[in-house]
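Remarks on the structure that follows.
Just so it is clear, none of the values below were taken in a lab; they were calculated from the coordinates. Every value quoted in this text rests on a predicted model; they were computed, and no experiment measured them. In this analysis, Cβ positions are derived from the backbone assuming ideal geometry, glycine residues included, and neighbour counts consider all displayed protein chains.
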Ligand SMILES: [Zn+2]
C-alpha cells in the first residue's frame, strides 16, 4: 500500500492510495486505505505513473554496456520504462538476431523496463522488417540525415518509401530523425570555410527550414503508404501543425517534443557550448512559447528526453562542430518537467499525460505501462515538492557521463522514490535495484 497524492492524466486525489498485489496495481482510492501487509506513507508527496521515456540512446557511444548505466539514471529519475533507439555501436538493430542479442543485454543488465526500436540498413534491409516486428519492437526509426553510414545512416527516398510500405503492414509507428542533409551540409561547409565555429553557428547551420522540409517529405510518403510516420523530435511548433494538416488529409502523422525544446533557447547553447549541442538545435524564446501552446492544444504526441550520454570529453571542444550531438536528460526529466509546468501554473496531470500515458500509448505499451490503473504494472514516480538544485554530480551514470545541461538549475521537486512493478528501486538516496531487475517489454501484437 502506498499513500500520497495520486496524480493521473485526468485527476489528482489529495489523500489517495495505491494498493499493490504482486507486480500490479490492485486498487486505487481516496481516504482511509484498506488494511495491508505493508504501508508506505508518502503523505504530502505526489504519486505519478512511472515515466515512459519514448526516446533515448543508451548505446550510441558505448554499445550495449551503456544500457546498464543509463537505466540506473532512469531508476533514480523515476523513469520506469525506457524506449531505446536502435543506433547502437558497433552495429544498429537491423534484424531479429541482433534484436535478440540486445534483448539479452536488457534482461541481464537493465535497472528498469525497456522497449526497443528497430531500424533498417542504409541499402536494403527491408526484408528484415517483419522479423523485427515479430520480435516485439515497439516502433521503427529511420533518418533523413546521416551521422554514420552504418550506425545512423540517411535513408534515401526510394528506400524509405519501400520501408514505409512494409512497415505499414506491421501497424507499428516509424519515428524519423527529421533534418535535411543537403541544406545542413552546405551551411556547415560555408560556416567552417568562414572560420565561424562558435556555438551559435550550430543553430544557424540547422535552421528551422532544415526540419520542416524533412517533415514534409516524410509526411508525403506517410500519406502515400498509409504508414504511421512520427517526427522523432520537433523543435518547432510548425512540425506539429504540419502533422495535424496531414492527419486532416487522412495520413497517420504525429510528432514528439523533447523536453529541451520546452525550455532551452539559443542563448543556452551560447552559455553551454558543446554541452548544449543537440539535433535539432535549441530555438528562440518565442519558439519555446509556441511549443507550449502546441502542447496545451493537444498537438504533441508526447514529451521525451532524447537522452544521449556522450562522455564529457566529446562535449568540450571550442569548435562547436567537433562536439557530439546529444544531451543527458534521464535523471533530470521528472524534476524538470514538474518545474516547467509549475512555473507556468500548469498541473502535474499534464506530466502523467505527456511523459507516461501518451508515450506508452504510441509504443503500444498502455495500459500495462504509463498508467495508474487497476491491473497496470505498479510503476510509480514519487515526487517531493520543495526548493532543490539539480546537481550533475548526483547522476547515477559512469563518471565520464556525469554532466548535465541543467546543472545548477532550480527545481521545484525531486524524485523521492521510484517503484518498478511493486518494488522500490530508488529511495531518494540510492538505487536499490540490481542489473537485470529490468525486463524487455514486448509490444503486444495487433488485435
Ligand atoms: Zn534521438
### Query
Using alpha carbon coordinates only, what is the Rg to Rh ratio of the chain, with Rh defined as the Kirkwood radius?
0.95
### Message
Can you give me the angle between helix 333-343 and the longest principal axis of the chain, using Cα atoms only, in degrees from 0 to 90, rounded to the nearest 10?
### Response
80 degrees
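Expected output is a single nm value to one decimal: the length gained when fully extending between residue 249 and residue 374, i.e. 0.36 nm times separation in residues minus the C-alpha distance. What is it?
Working: separation 125, 0.36 × 125 = 45.00 nm, distance 3.72 nm.
Extra length from residue 249 to residue 374 when fully extended: 41.3 nm.
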### Message
If you average the C-alpha positions of the range 337-380 and of the range 304-328 separately, how far apart do those two centres end up, in angstrom?
### Response
28 Å
### Task
Counting only C-alpha contacts under 8 Å and six or more residues apart, can you give the relative contact order of the range 1-41 as a whole percent?
41 percent
### Task
Please report 71, 253, 353, 188 as a ranked list, fewest other C-beta atoms within 10 angstrom at the top and most at the bottom.
188, 353, 253, 71
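Which length gain, in nm to one decimal place, applies between residue 165 and residue 290 when the Cα-Cα distance is subtracted from 0.36 nm times their residue separation? Please list the in-between numbers first.
Values: separation 125, 0.36 × 125 = 45.00 nm, distance 3.33 nm.
Stretched out fully, the residue 165 to residue 290 stretch lengthens by 41.7 nm.
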### Query
Roughly what percent of Cα-Cα pairs across the range 46-160 reach past 25 Å?
21 percent
### Task
Go through 202-211, 275-284, 403-412, 242-251 and give me the packing order, highest mean Cβ count within 10 Å leading.
275-284, 202-211, 403-412, 242-251
#### Entry: Residues residue 442 and residue 127, FRET efficiency given R0 of 22 Å [Cβ-Cβ distance, rounded to 0.05]
0.55
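For the range 402-447, state the average projected area of the convex hull of the C-alpha atoms over all orientations, rounded to one decimal in nm².
Details: hull surface 24.5 nm².
Convex hull of Cα atoms, orientation-averaged projection: 6.1 nm².
Considering Cα pairs under 8 angstrom that are at least six residues apart, work out the relative contact order of the range 172-269 and quote it in whole percent. Before the final figure, lay out the partial values.
On the way: 127 pairs, mean separation 30.6, N = 98.
Normalised by residue count, the contact order of the range 172-269 is 31 percent.
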### Message
Cα atoms only: what Rg and Dmax, in Å, come out for the range 155-202?
### Response
16.6, 48
### Task
From the C-alpha gyration tensor of the range 242-364, pull out the three semi-axes of the equivalent ellipsoid (sqrt of 5λ each), sorted largest to smallest, in whole Å.
26, 17, 15
#### Entry: Simple label model, 7 Å out from Cα along Cβ direction - residue 24 to residue 389, nm
4.6 nm
### Query
Hey, any idea what Rg/Rh is for the range 112-233, computing Rh the Kirkwood way over Cα pairs?
1.03
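Given the range 1-73, what whole percent of its Cα pairs are spread farther than 16 Å?
Values: 1547 of 2628 pairs.
I get 59 percent for the Cα pairs in the range 1-73 exceeding 16 Å.
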#### Entry: Relative contact order (percent, whole number), the chain, Cα cutoff 8 Å, 6+ residue spacing
22 percent
### Task
May I ask you to sort 45, 141 by Cβ crowding, counting other Cβ atoms within 10 Å and putting the fewest first?
45, 141
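Kindly state, as a whole number, the per residue volume in cubic angstrom of the convex hull around the alpha carbon atoms of the range 318-447.
Working: hull volume 21.4 nm³, N = 130.
With only Cα atoms used, the range 318-447 gives 165 Å³ per residue.
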#### Entry: Cα centroid of the range 87-158 to Cα centroid of the range 1-79, whole Å
28 Å
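Given the range 174-258, report the % of alpha carbon pairs whose separation exceeds 14 Å.
Working: 2210 of 3570 pairs.
Within the range 174-258, distances greater than 14 Å cover 62 percent of Cα pairs.
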